[in-house]
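J.: Here's a structure for you.
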Amino acid sequence: MLPKLLYSMKYLFFLFLIVQTVFSQSKLNPEDTEIWDPEPKVVTPGKSSAPPSDAIILFDGTDFSKWQHENTKKSVQWTLNKDKSMTVKPGEGGIETIEEHGSIQLHIEWKTPAVIKGKGQGRGNSGIIFQRRYEVQVLDSYNNRTYSNGQASSIYKQHIPLVNSTRKPGEWQVYDIIFNEPKYNAEGQKIKSGSFTVFLNGVLVQNNVEILGTTEYIGAPKNGRDDMPGYSSSDYKTSSRRSLTLQDHGDLVSYKNIWMRKL
Ligand code: MG
């Protein structure tokens, strides 16, 4: 008798559960999973290659007012061209933005010389260096073999690009880069790595890769206090924001249409 009673109680219990589930689900509304705040800010996209409405224009071909020499901080002596581009003046040194930056979206167009000269790292070499520490390589990588983690769109000596989507030398190429800066604690120790996502000519070449530390020509990337040449530890504690640099590697590389959006 007792087992039978238990059996029917169990049956009733499950029946209760089913009814309750159906009933409670019927009380759910589509609005329950709608999120209305915050409302994304309106940004007007630029027509064709023009910057969007909230971009910070770093170079539009008019002048070098947003730039200075990377070391002397004096005015830029690179060549300003009639087609609204600029060209590296070999031996003059790199240039940096006067404004420092944290995490950003960067748009920049570049071109290596149409006249092929040199090979490997010696052909159309320049670079875009974020916070003066992390280089996305600029190089003529069209039929120009070099070490894979040093070709165009590599995170120099840290990450090989997924594919080689470079155009021919003398043609304009487009980088769209998402840079998330590393985070440090008050003691200057890294608590979260930064990352790069890079599109070259509309093709994904770096997919959210981890920044291992500073870009180093020789040896391993550095983190912590070691990656702050020229800055005191007190600077380091108060800010990790640094400028964006374009490298003079001795080649006539050109740039144009440079803008960033703060993230
Ligand atoms: Mg370089």
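J.: Determine, for each peptide in 249-258, 209-218, the mean count of other beta carbons within 10 angstrom over its residues, then list the peptides with the highest first.
T.: 249-258, 209-218
J.: Rounded to the nearest 0.05, what FRET efficiency is calculated for Ile116 and Ser48 with R0 set to 25 Å and r the Cβ-Cβ distance?
T.: About 0.30, to the nearest 0.05.
J.: Using a basic spin-label model with each label point 7 Å from the Cα along Cα→Cβ, how many nm lie between Thr62 and Lys41?
T.: 2.1 nm
J.: How charged is the neighbourhood of Asn144? Take every other residue with its Cβ under 9 Å from the Cβ of Asn144, and add Lys/Arg as +1 and Asp/Glu as -1.
T.: Overall, the nearby charge balance is +2.
J.: What does the extension gain come out to for Ile191 and Glu92, with contour length at 0.36 nm per residue minus their alpha carbon separation?
T.: 32.0 nm
J.: First measure r as the distance between the Cβ atoms of Ile218 and Asn71, then evaluate 1/(1 + (r/R0)^6) with R0 = 30 Å and state the FRET efficiency to the nearest 0.05.
T.: Between Ile218 and Asn71 the formula returns 0.90.
J.: Near the amide H of Gln206, under 5 Å away, which other amide H atoms are found, from residues 5 or more places off or on another chain, if H is placed in the peptide plane?
T.: Leu162, Val198
Every number here is computed from the coordinates shown, using simple stated rules; none is lab data. The structure presented is a predicted model; accordingly, all values stated were derived computationally and were not measured. When we count neighbours, we look across all protein chains shown, and the Cβ atoms used for this are built from the backbone with ideal geometry, even at glycine.
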